[in-house]
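Engineer: Below are the structure tokens for one structure; questions will follow.
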Amino acid sequence: MEKRINPDFIKADYFHRFLAKFIDFIICGFFLKIVYPVGVVAAITYILICDGLNRGASIGKQIIGLSVVNASTGDVCNFKQSCIRNAPFMVIFIFYLIPYIGLILSVMAGIIVLFFEGYFVISDLKGLRIGDHLAGTMVVEKISQ
């Protein structure tokens, strides 16, 4: 299957996207180990703004070589788009704020969110997940200029 969406964008490989998000979740895990509730707030903040950092690439995407762009203009993802596209993942970390059952709720929410987001990435021709549809963004392989 051809990954080229238009002459400027090459759709990101599914495995590369998974690795990049996995790295970002590991970073969030380190934040969660900070004193409660500061660590939870740090994890939520990071997951929301991460794709607005460094020209549309979270730390995970930088390592893997991906970038988030505006699907219609090709401009790099800004902080507003990053917050919108990553809002579904924020739900996972919000549950950590609930004493005692927060971890269980977080895992359950994580399974549901990751299932639906993954389904959309695989089933959409452009590889857009729910967050991408909401923010008007897409994940692409970085093209060296």
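Engineer: Just a yes or no: is a residue in segment 98-108 among the polar types (S, T, N, Q), open to solvent by 30 Å² or more (accessible area, probe 1.4 Å) and more than 11 Å from the chain's Cα centre (by Cα)?
Structural biologist: No, that holds for no residue.
Engineer: Checking the condition modelled with pLDDT under 95 and of a type in the set (Lys, Arg), which residue from 3, 21, 80, 61 passes?
Structural biologist: After ruling out the rest, the residue left standing is 3.
Engineer: Given the condition open to solvent by less than 50 Å² (accessible area, probe 1.4 Å) and free of Cβ contacts under 8 Å to residues at least 60 places away in the same chain, answer yes or no: does some residue in segment 7-14 qualify?
Structural biologist: no
Engineer: Right, something else. Just the residues that are under 17 Å from residue 137 (Cα atoms) and either of a type in the set (S, T, N, Q) or free of Cβ contacts under 8 Å to residues at least 40 places away in the same chain (or both), please, taken from segment 84-96.
Structural biologist: 86
Engineer: Check segment 73-80 and report whether any residue there is surrounded by fewer than 21 Cβ atoms within 10 Å (Cβ to Cβ) and of a type in the set (Gly, Ala, Ser).
Structural biologist: yes
Engineer: Moving on to the next point. Among the residues of segment 30-46, are any closer than 20 Å to residue 128 by Cβ, surrounded by 15 or more Cβ atoms within 10 Å (Cβ to Cβ) and within 12 Å of the chain's Cα centre (by Cα)?
Structural biologist: no
Engineer: Against the conditions (1) crowded, with 17+ Cβ neighbours inside 10 Å; (2) more than 23 Å from residue 36 (Cα to Cα), where does residue 93 fall short? Just the number, please.
Structural biologist: It fails just one condition, (2).
Engineer: How many residues, within segment 57-82, are under 11 Å from the mean Cα position of the chain (by Cα) and free of Cβ contacts under 8 Å to residues at least 24 places away in the same chain?
Structural biologist: 0
Engineer: Just for segment 119-145: of the residues that are free of Cβ contacts under 8 Å to residues at least 12 places away in the same chain and assigned to a helix (DSSP H, G or I), which one is least open to solvent (accessible area, probe 1.4 Å)?
Structural biologist: 123
The values are calculated or read from the model by the stated rules, or taken from the named source; none is laboratory data. Not measured: the values here are computed from a predicted model. Glycine gets a Cβ as well: all are built from the backbone with ideal geometry, and neighbour counts include every protein chain shown. For accessibility, only protein heavy atoms count, side chains too; no ligands or nucleic acids. Shrake-Rupley method; radii C 1.70, N 1.55, O 1.52, S 1.80 Å.
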